[in-house]
Amino acid sequence: QVQLVESGGGLVQAGDSLSLSCTASGRAFSTYTLGWFRQAPGKEREFVAAISGRGGNKDSDEGRFAISRDNSKNMLYLHVNSLKPEDTAIYYCAAGGNFRDRRFPGGYDYWGQGTQVTVSS
């Protein structure tokens, strides 16, 4: 069982950068593939970035997204550069079992409650 809590969201200007954090509690944190997803109003949840258990493999939907993790602190991070109004969404962190399924919400077993990111133009 893993509990996830996101933080770092807020209102930012287009062109700014933003860092999100996800704090995890529970055992065997380093065995989980971790991901970031986002969901805008009226849209489906979409993949943003993922990282394998020990951090050796990463994937992101755009070069503006940088994912990292610190297994010693049970933390997951997302840094986003050059924010755009279309990045406005609720951002969720998730923990799952297989890096192969990293781009699919169904590949994750645990989800945080999300943090709102709003980008003004």
Local electrostatic count, residue 39, Cβ distance below 14 Å [Lys/Arg +1, Asp/Glu -1]: -3
Rounded percent of accessible protein surface that carbon and sulfur make up, the range 34-89, 1.4 Å probe: 43
Selected from 63, 79, 107, residue furthest toward positive end of dipole (the range 7-121; charges at beta carbon): 107
For the range 42-82, the Rg and Dmax computed from alpha carbons only, in angstrom: 11.4, 37
Å³ per residue enclosed by the Cα convex hull of the range 66-120: 107
In Å, descending, principal axis extents of the Cα set of the range 1-115: 37, 27, 24
Local net charge near residue 117, Cβ-Cβ under 9 Å (Lys/Arg +1, Asp/Glu -1): 0
Solvent exposure of the chain as accessible area per residue, Å², 1.4 Å probe: 51
Nearest-20 debye value, the chain charge dipole, Cβ charges on Lys, Arg, Asp, Glu: 320
Within-15-Å neighbourhood charge of residue 10 [Cβ basis; K, R +1; D, E -1]: -2
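The values are calculated or read from the model by the stated rules, or taken from the named source; none is laboratory data. Quantities reported herein were computed from a predicted structural model and do not represent experimental measurements. Positions of Cβ are generated from backbone atoms using ideal geometry, with glycine treated the same way; all protein chains shown enter the neighbour counts. These accessible areas exclude ligands, DNA and RNA; they are computed on the full protein's heavy atoms, side chains included. Shrake-Rupley method; radii C 1.70, N 1.55, O 1.52, S 1.80 Å.
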